Amino acid sequence: MRTGTEMTVPPKSDGLATTVPALESRHVVQVYRRAPVVVTHGRGSRLYDAEGREYLDLISGVGVASLGHANPELARVVAEQASALIHCSNLFFHPYQGQLAERLASLSGLERTFFCNSGTEAIEACLKFARRFWFTAGETGRSGIVALDRAFHGRTIGSLSITADPHYRDPFGPLLDHVTFVAPGDEAALDAAVTERTGVVVVEPIQGEGGIRPLSPAFARAVQAACDRTGALLICDEIQCGLGRTGTMFCFPQLGLRPQLVAIGKALGAGIPIGAALAGERVAERLQFGDHGSTYGGNLLACRAGLFFLDQLERGGVLAHVARMGPLVEGRLQALAAKHPAILDVRGRGLMWGLDLNRPAAPVVDAARGRGLLVNATAQTVVRLLPPLTISEPEIDDALARLDGALAETIGGAA
């Protein structure tokens, strides 16, 4: 397993720490609340800023830098492809889209793939494919969508319509009609919501932005039973929890779910933008030429990156590494919880974890950054950890020691 740690560190970039934020404040749409860090380069599980500071990165681009930063073999593959051909459009064939789709089919059990540029676009494709499925079947009345409270599926109009938080939704209404939200774990409400007019049920096997909240096996069984009872299609959003993040290739089999559509993104390109909607043959056979498309989707560069990532995951030992590191991280986090009573819960699997606090998590995130550790806050009170899938055991120990210090600094031993 290669981590990229042998790369040379570039020199400090004087002045960027002030000029970059100033320039962005004048010309970039201000929708991101950024930390006061200008990153310039990385290697493995570490990032470096314009002033030469080093950080252990337990965010990894929100799960995107799956093989760490500046992976030398990925850089070689990308450079090789860029020097040959980056893009040709979907008007023509190229060698890699079919290869990547074949690999994903063998890994997921879903026979077809539509390639796009992000997880949000993958969700949009899944929603459109579900609508087309019912239209072709002559059941246009099956327009109902059941999604979960605390769900986050993206920020386009379709994906936002099935994202529960009013903070994201309210400024952009009206959104799609006939969306019902159900509390995860409320099996009775789910059973009432999923009817013969429901076209699709959408779930994240582990809710990421919602606070690293795994679905319980019992609720997952109820979801599958409701879909089986009514014929509703099931979409699994594995954009954050899929592709090795939880120690298995996909998370939905761990829960016994049998989706007809799966959305993936983030980790697949290891930093190169790519997303994909995986579809079973029963859904895919109802799609026609022209039903959907993407200018950049499935371009040569992204597909080469995706193939390299899957090679590393399967044959390069990364998936087995995550499976080994997951219990280790869980044990270290449970020890932190025993030490700091303000930690109410430790949730997650593999290398996807959240510490739920009895107070806002932002001060802990800031204190960790001051100690050279990058984590982030989600769902207000949750410290989220999404390290590169290649992070080593010594790096985990170092990172969690720094997190321990940040917790002590901000919350002490208070309950």
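Around ASN376, which amide H atoms from residues at least 5 apart in sequence, or from another chain, sit under 5 Å from its own amide H, with H modelled in the peptide plane?
Under 5 Å from the amide H of ASN376 lie the amide H atoms of ARG384, each far enough along the sequence or on another chain.
Please compute the net charge surrounding SER60, taking Lys and Arg as +1 and Asp and Glu as -1 over other residues with Cβ under 14 Å from its Cβ.
Taking every Cβ under 14 Å from that of SER60, the sum is +3.
Provide the FRET efficiency to the nearest 0.05 for the ARG371-ARG324 pair, computing r from the beta carbons and using R0 = 45 Å.
0.95
Springs between alpha-carbon atoms under 10 Å, Gaussian network over the chain: tell me which of ALA338, ALA164, ALA35 tops the mean-square fluctuations.
ALA35
Choose one of SER83, HIS41, GLY109: the residue whose Cα lies farthest towards the positive end of the charge dipole of the chain (beta-carbon charges +1 Lys, Arg; -1 Asp, Glu; about the Cα centre).
SER83
Would you grab the residues whose amide H sits under 5 Å from the one on GLY199? Only those 5+ places off in sequence or on another chain, please, with H modelled 1.01 Å from N.
SER143, GLY144, ILE145
Over the chain, with a Gaussian network built from C-alpha contacts below 10 Å, which listed residue (THR120, THR140, THR163) shows the highest mean-square fluctuation?
Its mean-square fluctuation being the largest, the pick is THR140.
Considering the Cα trace of region 76-314, what is its radius of gyration and what is Dmax, both in angstroms?
My reading of the Cα-based Rg and Dmax gives 17.4, 57 Å.
When the chain is modelled as a GNM with alpha-carbon springs shorter than 10 Å, which of ALA368, ALA323, ALA137 fluctuates the most?
The residue with the greatest mean-square fluctuation here is ALA137.
Counting other beta carbons within 10 Å of each residue's own, what order do VAL322, VAL31 fall into, fewest first?
So the residues, fewest neighbours to most, are VAL31, VAL322.
Using the Karplus curve 6.51 cos²θ - 1.76 cosθ + 1.60 with θ = phi - 60°, work out ³J(HN,Hα) for each residue of region 314-328 in order, rounded to whole Hz, and write x for Gly and Pro.
Values per residue, Gly and Pro as x: 7, 9, x, x, 5, 4, 5, 5, 4, 4, 6, 6, x, x, 5 Hz.
Of GLY144, ALA368, SER118, whose Cα points farthest to the positive end of the dipole of the chain (charges on the beta-carbon: +1 Lys, Arg; -1 Asp, Glu; origin at the Cα centre)?
SER118
Of the beta bridges DSSP finds with both residues in the chain, what % are antiparallel, to the nearest 5?
65 percent
For region 46-98 and region 326-351, write down the distance between their C-alpha centroids in whole Å.
If you average the Cα positions of each part, the centres end up 31 Å apart.
Please give the net charge around HIS167, taking every other residue with its beta carbon less than 14 angstrom from that of HIS167, where Lys and Arg add +1 and Asp and Glu add -1.
0
If you filter region 81-160 for chymotrypsin sites (Phe, Trp or Tyr not before Pro), then keep DSSP loop positions with at most 15 other Cβ within 10 Å, what is left?
Those that pass, being in a loop and sparsely packed, are PHE92, PHE93.
Tell me the mean residue ellipticity at 222 nm calculated for the chain from its helices only (DSSP H runs of n ≥ 4, each -39500 (n - 2.57), averaged over every residue, nearest 500).
Counting only the DSSP helices, I get -11500 deg cm²/dmol.
Could you check the simple spin-label distance between ARG229 and ARG282, using points 7 Å along Cα→Cβ, in nm with one decimal?
For the pair ARG229/ARG282, the computed spacing is 1.8 nm.
Taking only the alpha-carbon positions of region 231-389 and ignoring solvent, what does the Debye formula give for the base-10 log of I(q)/I(0) at q = 0.09, 0.10 Å⁻¹?
Taking Cα atoms of region 231-389 as identical point scatterers yields -0.39, -0.47.
Counting DSSP beta bridges in region 76-314, what percent are antiparallel, to the nearest 5?
The antiparallel fraction comes to roughly 45 percent.
Determine one quarter of the surface area of the Cα convex hull of the chain, which equals its mean projected area, and express it in nm² to one decimal.
Averaging across all directions leaves 20.5 nm² for the Cα convex hull.
Rule-based calculations on the coordinates, nothing more; no lab input. Bear in mind the structure is a predicted one, so any value in this text is a computation, not a measurement. Cβ atoms come from the backbone with ideal geometry, glycine included; neighbour counts cover every protein chain shown.
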